[in-house]
Amino acid sequence: MPLPTALFWERRDVPGAEHALLADRTGLYAHGTALAAAPVPYACHYELQTDPDWITTRLDVRAEGAGWARGVRLELAAGRWRITASEQGDLDAALVAAGHARAGLPGSEDPDLLYGAFDVDLGGSPLTNTLPIRRLGLLTAESGVAHRLSVAWVLVPSLEVVQADQIYTPLGGDRVRYASETFSADLTLDDEGFVRDYPGLATRR
């Protein structure tokens, strides 16, 4: 069935873009493609599903570039994450040839570290910032009150999955501040909680 909503972001940090098709009436179902020229040129295809409360239930990701391809699937059931990963070719060789460090392995050695995480964060994707914003009702939440959460962060293009602590703070109107241990940005949102502008990362077109 065709999906009713299309979103398109242009990357600001590196040459690239993201296109997502989605439906969000009973939770979120989305699939999309992100393209970027760095650290090595890649295409990242994903499929994302939440329950009606906007808790992520499944994320499938495949990233591919010249001479390599990786895949990872995250599934949440009964509060625990199950993660499966695959790898073909040699991403490390492509990274080293481009002057970058080697990548971590796709997936997670210890998914139990993600216990208590209800959201996923796909690296470089402004779409996944909407997950905690909608799950926690931050568009109408009290301004200035910080919400701390644990997420399953999927690094791209390695598709390594790590636990990350993040803070979302409503600023009033259409803005929410996103912060991690080393980074902060004031996101501008539309009426549905999808990112219009992510300073330093991406802008909707």
Worksheet item: Cα convex hull of the chain: mean projected area in nm², to one decimal?
Response: 11.1 nm²
Discussion item. Could you tell me the extents of the stretch 11-64's C-alpha atoms along the three principal axes, largest first, rounded to whole Å?
Written reply: 36, 19, 15
Item to complete: Tally up the carbon and sulfur contribution to the accessible surface of the stretch 65-205 as a whole percent, 1.4 Å probe, everything protein left in place.
Response: 48 percent
Item to complete: Determine the calculated [θ] at 222 nm for the chain from helices alone, applying -39500 (n - 2.57) to every DSSP H run no shorter than 4 residues and normalising by the residue count; nearest 500 deg cm²/dmol.
Response: -1500 deg cm²/dmol
Item to complete: Starting at the first residue of the stretch 14-31, write each ³J(HN,Hα) from the Karplus equation 6.51 cos²θ - 1.76 cosθ + 1.60 with θ = phi - 60°, in whole Hz, x for Gly and Pro.
Response: 9, x, x, 7, 9, 10, 10, 10, 7, 10, 9, 7, 10, x, 10, 10, 8, 9
Discussion item. Just to confirm, what accessible area per residue do you get for the chain at 1.4 Å probe, in whole Å²?
Written reply: 48 Å²
Discussion item. Report the Cα centroid-to-centroid distance between the stretch 123-137 and the stretch 143-172 in angstrom, as an integer.
Written reply: 9 Å
Worksheet item: With point charges of +1 on the Cβ of Lys and Arg and -1 on the Cβ of Asp and Glu, referenced to the Cα centre of the stretch 1-130, which listed residue (Gly32, Gly124, Ser108) lies farthest in the positive direction of the dipole?
Response: Gly32
Worksheet item: Normalized C-alpha radius of gyration of the stretch 97-152, against 2.2 N^0.38 Å?
Response: 1.51
Discussion item. Going by amide H atoms built from the backbone, whose H comes under 5 Å of the H on His147, apart from near neighbours?
Written reply: Tyr168, Thr169
Worksheet, complete the sentence: Toy charge model, Lys and Arg Cβ at +1, Asp and Glu Cβ at -1: the chain dipole around Cα centroid in debye, rounded to 20, equals 240 debye
Worksheet item: In whole angstrom, and with the biggest value first, how far do the Cα coordinates of the stretch 28-136 range along each principal axis?
Response: 44, 26, 18
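The values are calculated or read from the model by the stated rules, or taken from the named source; none is laboratory data. It should be emphasised that the depicted structure is a prediction, and the values quoted were computed from it without experimental measurement. Glycine also receives a Cβ, built like all others from the backbone with ideal geometry; neighbour counts cover every protein chain displayed. Accessible surface is based on the protein model in full, side chains and every heavy atom, while ligands, DNA and RNA are left aside. Shrake-Rupley method; radii C 1.70, N 1.55, O 1.52, S 1.80 Å.
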